[in-house]
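Just dropping this structure here.
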2 protein chains.
Amino acid sequence: MMRWWGWGEDGHDKPLSSTADAVMRGEIGELPAARREPVPLDAVELPPATLPPATRERLIELVGTAHLREDHVTRVEHAVGRGYPDLVRLRAGRLDVAPDAVAFPGTPAEVAGLLRLCAAEGVAVVPFGGGTSVVGGVEALRGRFAAVLTVDLRRLDGLLAVDPVALTATFAAGVLGPAAEEALAAHGLTLGHFPQSFEFSTVGGWVATRSAGQASSGYGRIDDLVVALRVATPAGEIVTRAVPASAAGPSVRELLVGSEGAFGIITEVTLRVRPRPAVRRYEGFALPGFAAGTAAFRTLVQAGAAPDVARLSDEQETRVSLALAGDSRSTQALAGYLRARRRANGAIVIAGWEGEAQDVRHRRTATVRILREHGAVALGTRIGHAWEKGRFHAPYLRDELLSRGVLIETLETATSWSRLAELHREVGAAIDGALRGRGTPPIVWCHVSHVYPDGASLYFTFVARQQLGEELAQWHALKAAAGDAILAHGGTITHHHAVGRDHGPWLAREIGELGVELLTATKARLDPEGIMNPGKLVLPAPLPGGPAA
Amino acid sequence: MMRWWGWGEDGHDKPLSSTADAVMRGEIGELPAARREPVPLDAVELPPATLPPATRERLIELVGTAHLREDHVTRVEHAVGRGYPDLVRLRAGRLDVAPDAVAFPGTPAEVAGLLRLCAAEGVAVVPFGGGTSVVGGVEALRGRFAAVLTVDLRRLDGLLAVDPVALTATFAAGVLGPAAEEALAAHGLTLGHFPQSFEFSTVGGWVATRSAGQASSGYGRIDDLVVALRVATPAGEIVTRAVPASAAGPSVRELLVGSEGAFGIITEVTLRVRPRPAVRRYEGFALPGFAAGTAAFRTLVQAGAAPDVARLSDEQETRVSLALAGDSRSTQALAGYLRARRRANGAIVIAGWEGEAQDVRHRRTATVRILREHGAVALGTRIGHAWEKGRFHAPYLRDELLSRGVLIETLETATSWSRLAELHREVGAAIDGALRGRGTPPIVWCHVSHVYPDGASLYFTFVARQQLGEELAQWHALKAAAGDAILAHGGTITHHHAVGRDHGPWLAREIGELGVELLTATKARLDPEGIMNPGKLVLPAPLPGGPAA
């Protein structure tokens, strides 16, 4: 379990380097002198628990006393996810939401029983994998119900079956990323799915949110890897057929992938896996700029020569990353080298190839040839493997910055290659404008991390001074501006973070009113009482920090 | 338009070679002495047309007099598709179904208008692309309605837009395969989608049925190529967002791909396209048998070394193909070579690579190395390009065999590599048993034509003597036996032919009762009156030839 007030486990936090500190304060302004630490755990205020005693008894009958918890710590740990508004509320100790109880079912049958029971008793249900949602997906909203039960899936654990012929593996939905990879490694296999949340998120959560991993350009998004699903819904269980392809009508599997707990709870997932790569080679390159980088990435993917990891920082991210890397000799040497090769204002690429040695060699040659045609200067493997080593660490920096009074947030989108420059420019401008308009000028940076033949993702990160006492309103303003800009300029409201609560208000503009109604009709059939994850996906709740309804 | 009683255009028919004739009659028994030709067109009996005059007037207001047809020829041409029960009924001149009228709308707005009008007037609507469905998908069933209008989409024609940066192309749904490729060729592009029906089927039809083409192992199925759709439904229009990937909930696009006209009519499609290949190299290989061949194909696709066209005939198909190829010197030479190399009872592979010369060379080397490890003997490019040349011609043979009193039918499925041998054996046995049980022993052959990392397709073809006067009951018996065997042994009821009318009775066993209810809920929202393609997909009609309900 992650620490209650932030990301991951203690011991990974580091103060900012003096270079980074100076750069940041120079651009966003002076920060509060005193650190703003989280309140003590027992000072966190929660709404009163309202689980009716008769319901509690029935829940305990179903899962056993040991697997129903109502204590303060458990409620705090399951109240919200790990988005910016979540962290702000957690650290301040003022939560307007919390589950009345948390159940830890041990089997798919227990999950099904919980859903039937909650439907009968009028209790809202929030499915909870690793709790890493950054879009409000696990927030314990109760909707119109008198009580809300969070269903923590950690006991649905383990690799249930491996088919070494078809190269598929069936997991219980609650298995965490590292456990999934470890279990596969014993069979010489890998899933190859490494979202930034990898260490604390679950296989079921990945499928429920259409996750993409850092090597998804090579291995495919999680939605590309799902062969079959087992899903418990209030209306009954769905088990989709494990066939490689079918023309038997619209895909029911695709209707459940990305359903974010609003239709039911995924209990088992069968995924395509691969032999564990013998070689993993990660390298850095410096391109003249973001435009040259996107042209190179487009050429690569359309030529079938994209690396498995394909990450391109824009000029701003390149600059910020160097600042964050501190003042070590190696960073200074890199900065000097970039100046000498006239790439000081360039864009850094991380490229990674995984597989058999000969295959990696061959594919690397093809990639590098095209990168060079677009002005790439090789930076070697040290920077590549440094990125790999730190690939899951960025969220710890977020905790440190919050302690310094800094707003730090990320958001992501995707569009076609032909609109990528426009979307990059306009979303960046919208974030900048919204924050500058509140007197808190930001630094906004961005990278491409997933490439497709027809387009790519954009992942924005930005920092600004927190408006103390107005943190949620400040966030709401920038989120609204960014969401509107994304949809106005041909993007999707989310490439891999999911809809959750935070993107609900934009869903109708993304998929149309009729599209929303189709999803609503599906929900109505599977969850007639509407108990599943209220306020998420199709029936959005208002965002935190917005104008009062 | 295809000839009214069979496949394609006149001039492609050929009598069987004497070798083929002898082999066939030796195995399935003696055929009728006299040929059984189709009845004359004007002798075809149709149900009386029942379009109310007031409805006709409103339809004409909408599309114009020239674009509403009710004549005998047009009704016959649009009554059914090109499945075996369709051909039997057409040739006998006894159709129990026909549209009361056929509309030819010219714009998506006219399509939308037609659907609104028909919903208001209580007229069933059957969307019609090229009319090539082999599963009863375009049969003019009227369901509970007093009249049925077929909507022929041929006037929704042309390449509407090309994005040369994102490599996508937007087509009007009614454009035929050859016209689509010709339009793309002018831009140096290809879609690479070549189903056997290519010459007479439409882009919209491919998407509506989740089509797979003969090069889909390389280019991807049509469902892999769809970026966005425009669909007219009785409840309004849906336009999905053209982004390369999204995590914004379950995919509405996937709910419309494969909807087979039961939810609405696809009017426009945006697809991923590729540069036209400089080189197309097709080659034949002989493997020791089907088991060695499937092992080779599995290794190829799991190693990322599959060719773009990957076709593996089982021993029976290899033998039948050689017999059908006749007694030419080249066929005799091939047979002699196979005997000499101890592959006389082997399995023939057609492998095709498309792309830049160097890329083809490199990929071919990788493929051939693995094929050789599985005992492949190279047969050269002549057999490969002979297959390519004849790839769209098999349906003409069907017409010839029907004239000889021979039942010829195909059906297809897919499963995981670990169950492929079982499915191959059991479906073959089910077809054999059903036909043998009626006193008409068949020859059953099969090929793999689409490979995936986790499995492959199986495409069965079989011939038997027709039971004269009992043709539909004979077909029903084998279809039922095959469908039951497919689902009992881990297959999908259809890999690329779609559900249509013929697979409807198996859909609930494929996707579950709850899965069917989800699709029914979608249909109810988009088509509240239930006018769209009654009896297809989710609400199946009884099959032709079955026991009376």
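The values are calculated or read from the model by the stated rules, or taken from the named source; none is laboratory data. Since this is a predicted model, take the numbers as computed values, not measurements. All Cβ positions, glycine included, derive from the backbone under ideal geometry; neighbour counts span all protein chains shown.
Quick check on segment B:239-286: of everything there that is among the acidic types (Asp, Glu) and more than 9 Å from chain A (Cβ to nearest Cβ), which residue is surrounded by the most Cβ atoms within 10 Å (Cβ to Cβ)?
B:GLU283
While we're on this one: For segment B:90-102, check the following and say yes or no: at least one residue is surrounded by 21 or more Cβ atoms within 10 Å (Cβ to Cβ), closer than 30 Å to B:LEU468 by Cβ and charged (D, E, K, R).
No: zero hits.
Could you identify the single residue in A:VAL97, A:VAL80, A:VAL39, A:VAL23 that is part of a helix (DSSP H, G or I), at negative phi and touching a residue at least 40 places away in the same chain (Cβ under 8 Å)? Before the answer, list the steps.
Working: A:VAL97 fails: part of a helix (DSSP H, G or I); A:VAL80 fails: part of a helix (DSSP H, G or I); A:VAL39 fails: part of a helix (DSSP H, G or I).
So the residue among A:VAL97, A:VAL80, A:VAL39, A:VAL23 that is part of a helix (DSSP H, G or I), at negative phi and touching a residue at least 40 places away in the same chain (Cβ under 8 Å) is A:VAL23.
Determine whether segment A:215-234 contains at least one residue that is touching a residue at least 40 places away in the same chain (Cβ under 8 Å), at the interface with chain B (Cβ under 7 Å from one of its Cβ atoms) and either polar (S, T, N, Q) or touching a helix residue (DSSP H, G or I) at 6+ places or on another chain (Cβ under 7 Å) (or both).
Within segment A:215-234 (the criterion being touching a residue at least 40 places away in the same chain (Cβ under 8 Å), at the interface with chain B (Cβ under 7 Å from one of its Cβ atoms) and either polar (S, T, N, Q) or touching a helix residue (DSSP H, G or I) at 6+ places or on another chain (Cβ under 7 Å) (or both)), the answer is no, since none of the residues qualifies.
A further question on this structure: Identify the residue in segment A:42-70 that is assigned to a loop (DSSP other than H, G, I, E, B) and among the β-branched types (Val, Ile, Thr) and, among all such residues, is surrounded by the fewest Cβ atoms within 10 Å (Cβ to Cβ).
The residue in question is A:THR50.
Does A:THR494 satisfy the criteria of being touching a Leu at 6+ places or on another chain (Cβ under 6 Å), crowded, with 20+ Cβ neighbours inside 10 Å and facing chain B (nearest Cβ under 7 Å)?
no
Anything in segment A:378-402 that is surrounded by fewer than 20 Cβ atoms within 10 Å (Cβ to Cβ), more than 22 Å from A:HIS193 (Cα to Cα) and more than 22 Å from the chain's Cα centre (by Cα)? List them, or say none.
A:ALA378, A:GLY380, A:ARG382
Out of B:PHE200, B:PHE171, report the one residue that is away from chain A (no Cβ under 14 Å), under 18 Å from the mean Cα position of the chain (by Cα) and surrounded by 21 or more Cβ atoms within 10 Å (Cβ to Cβ).
So the residue among B:PHE200, B:PHE171 that is away from chain A (no Cβ under 14 Å), under 18 Å from the mean Cα position of the chain (by Cα) and surrounded by 21 or more Cβ atoms within 10 Å (Cβ to Cβ) is B:PHE200.
Name every residue in segment B:299-340 that is assigned to a loop (DSSP other than H, G, I, E, B) and within 13 Å of B:ILE383 (Cα to Cα), in order of residue number.
Within segment B:299-340, just B:ALA325 meets the criteria.
Is it the case, given these coordinates, that A:VAL269 is under 25 Å from A:ALA357 (Cβ atoms), among the β-branched types (Val, Ile, Thr) and touching a Ser or Thr at 6+ places or on another chain (Cβ under 8 Å)?
So A:VAL269 fails the test.
Could I ask something else about it? Filter segment B:287-305 for residues that are surrounded by fewer than 23 Cβ atoms within 10 Å (Cβ to Cβ) and more than 14 Å from every other protein chain (Cβ to nearest Cβ) and give the result.
Of everything in segment B:287-305, those that are surrounded by fewer than 23 Cβ atoms within 10 Å (Cβ to Cβ) and more than 14 Å from every other protein chain (Cβ to nearest Cβ) turn out to be B:PRO288, B:GLY289, B:ALA292.
Would you point out which residue out of A:GLY490, A:GLY439 is in a loop (DSSP other than H, G, I, E, B), touching a strand residue (DSSP E or B) at 6+ places or on another chain (Cβ under 9 Å) and farther than 30 Å from A:ARG91 by Cα?
Testing whether each residue is in a loop (DSSP other than H, G, I, E, B), touching a strand residue (DSSP E or B) at 6+ places or on another chain (Cβ under 9 Å) and farther than 30 Å from A:ARG91 by Cα leaves just A:GLY490.
For A:GLU412, only one of the following conditions fails: (1) in contact with a strand residue (DSSP E or B) (Cβ under 7 Å, 6 or more places away or on another chain); (2) modelled with pLDDT under 95. What is its number?
Checking A:GLU412 against (1) in contact with a strand residue (DSSP E or B) (Cβ under 7 Å, 6 or more places away or on another chain); (2) modelled with pLDDT under 95, the one that fails is (2).
Looking at this structure, is A:VAL538 within 25 Å of A:THR132 (Cα to Cα), touching a helix residue (DSSP H, G or I) at 6+ places or on another chain (Cβ under 7 Å) and of a type in the set (A, V, I, L, M)?
Details: within 25 Å of A:THR132 (Cα to Cα): yes; touching a helix residue (DSSP H, G or I) at 6+ places or on another chain (Cβ under 7 Å): yes; of a type in the set (A, V, I, L, M): yes.
Yes: the conditions hold for A:VAL538.
Return the residues of segment A:442-474 that are among the small types (Gly, Ala, Ser) and either more than 21 Å from A:ARG391 (Cβ to Cβ) or in a helix (DSSP H, G or I) (or both); say none if nothing qualifies.
Residues of segment A:442-474 among the small types (Gly, Ala, Ser): A:449, A:455-457, A:464, A:469, A:473.
If the condition is that a residue be among the small types (Gly, Ala, Ser) and either more than 21 Å from A:ARG391 (Cβ to Cβ) or in a helix (DSSP H, G or I) (or both), then A:GLY455, A:ALA464, A:GLY469, A:ALA473 are the ones that fit.
Sticking with this one: Cβ-Cβ below 7 Å, separation at least six or inter-chain, first residue in segment A:301-325 and over 23 Å from A:ALA421 (Cβ atoms) and in the same structural domain as A:ARG339 (by TED's automatic domain parsing), second at pLDDT 95 or above and among the acidic types (Asp, Glu): which pairs?
Correct list of pairs: A:ASP308/A:GLU354.
I've got another one for you. If we scan segment A:528-546, do we find a residue that is within 25 Å of the chain's Cα centre (by Cα), among the β-branched types (Val, Ile, Thr), more than 26 Å from B:GLU513 (Cα to Cα) and not in a helix (DSSP H, G or I)?
Looking through segment A:528-546, none of the residues is within 25 Å of the chain's Cα centre (by Cα), among the β-branched types (Val, Ile, Thr), more than 26 Å from B:GLU513 (Cα to Cα) and not in a helix (DSSP H, G or I).
If we keep just the residues of segment A:449-489 that are over 21 Å from the mean Cα position of the chain (by Cα) and within 14 Å of chain B (Cβ to nearest Cβ), which is surrounded by the most Cβ atoms within 10 Å (Cβ to Cβ)?
A:ASP454
Out of all the residues in segment B:363-372, is one or more within 14 Å of chain A (Cβ to nearest Cβ), surrounded by fewer than 17 Cβ atoms within 10 Å (Cβ to Cβ) and within 30 Å of the chain's Cα centre (by Cα)?
no
Among (1) farther than 30 Å from B:LEU407 by Cα; (2) among the hydrophobic types (A, V, I, L, M, F, W, C); (3) not in a loop (DSSP other than H, G, I, E, B), there is one condition B:LEU87 misses while meeting the rest; what is its number?
Only one criterion in (1) farther than 30 Å from B:LEU407 by Cα; (2) among the hydrophobic types (A, V, I, L, M, F, W, C); (3) not in a loop (DSSP other than H, G, I, E, B) is unmet by B:LEU87, namely (1).
Moving to a separate point now. Select, from A:VAL165, A:VAL134, the only residue that is surrounded by fewer than 20 Cβ atoms within 10 Å (Cβ to Cβ), within 14 Å of chain B (Cβ to nearest Cβ) and of a type in the set (A, V, I, L, M, F, W, C).
Numbers: A:VAL134 fails: surrounded by fewer than 20 Cβ atoms within 10 Å (Cβ to Cβ).
Selected residue: A:VAL165, the only one of A:VAL165, A:VAL134 that is surrounded by fewer than 20 Cβ atoms within 10 Å (Cβ to Cβ), within 14 Å of chain B (Cβ to nearest Cβ) and of a type in the set (A, V, I, L, M, F, W, C).
So which residues in segment B:405-448 are within 14 Å of chain A (Cβ to nearest Cβ), over 16 Å from B:HIS495 (Cβ atoms) and among the hydrophobic types (A, V, I, L, M, F, W, C)?
Listed by number, the list holds a single entry, B:ALA421.
Being within 21 Å of the chain's Cα centre (by Cα) and among the β-branched types (Val, Ile, Thr) is the filter; apply it to segment A:77-105 and report the residue that is farthest from A:ILE531 (Cα to Cα).
Top of the filtered list is A:VAL88.
Additional query: Of these, B:SER201, B:SER211, B:SER197, B:SER217, which one is more than 22 Å from B:GLY81 (Cα to Cα) and not assigned by TED's automatic domain parsing to the domain that holds B:GLY131?
B:SER217
Which residues, counting only those in segment A:504-543, are within 7 Å of another protein chain (Cβ to nearest Cβ), under 23 Å from A:TRP475 (Cβ atoms) and out of contact with any Lys or Arg (no Cβ under 7 Å at 6 or more places or on another chain)?
Answer for segment A:504-543, where residues must be within 7 Å of another protein chain (Cβ to nearest Cβ), under 23 Å from A:TRP475 (Cβ atoms) and out of contact with any Lys or Arg (no Cβ under 7 Å at 6 or more places or on another chain): A:LEU507, A:LEU537.
Still on this structure, please answer the following. Does A:GLY177 satisfy the criteria of being farther than 20 Å from B:SER251 by Cβ, within 11 Å of chain B (Cβ to nearest Cβ) and in contact with a Pro (Cβ under 9 Å, 6 or more places away or on another chain)?
no
A:THR55 passes all but one of (1) among the β-branched types (Val, Ile, Thr); (2) modelled with pLDDT under 95; (3) in contact with a Cys (Cβ under 9 Å, 6 or more places away or on another chain); which number fails?
(2)
May I ask you to list pairs of residues, at least six apart or on different chains, whose Cβ atoms are under 8 Å apart, with the first in segment A:183-203 being outside any loop (DSSP other than H, G, I, E, B) and the second being β-branched (Val, Ile, Thr) and surrounded by fewer than 23 Cβ atoms within 10 Å (Cβ to Cβ)?
From residues that are outside any loop (DSSP other than H, G, I, E, B), the pairs are A:LEU184/A:VAL162; A:LEU184/A:THR190; A:LEU189/A:VAL162.
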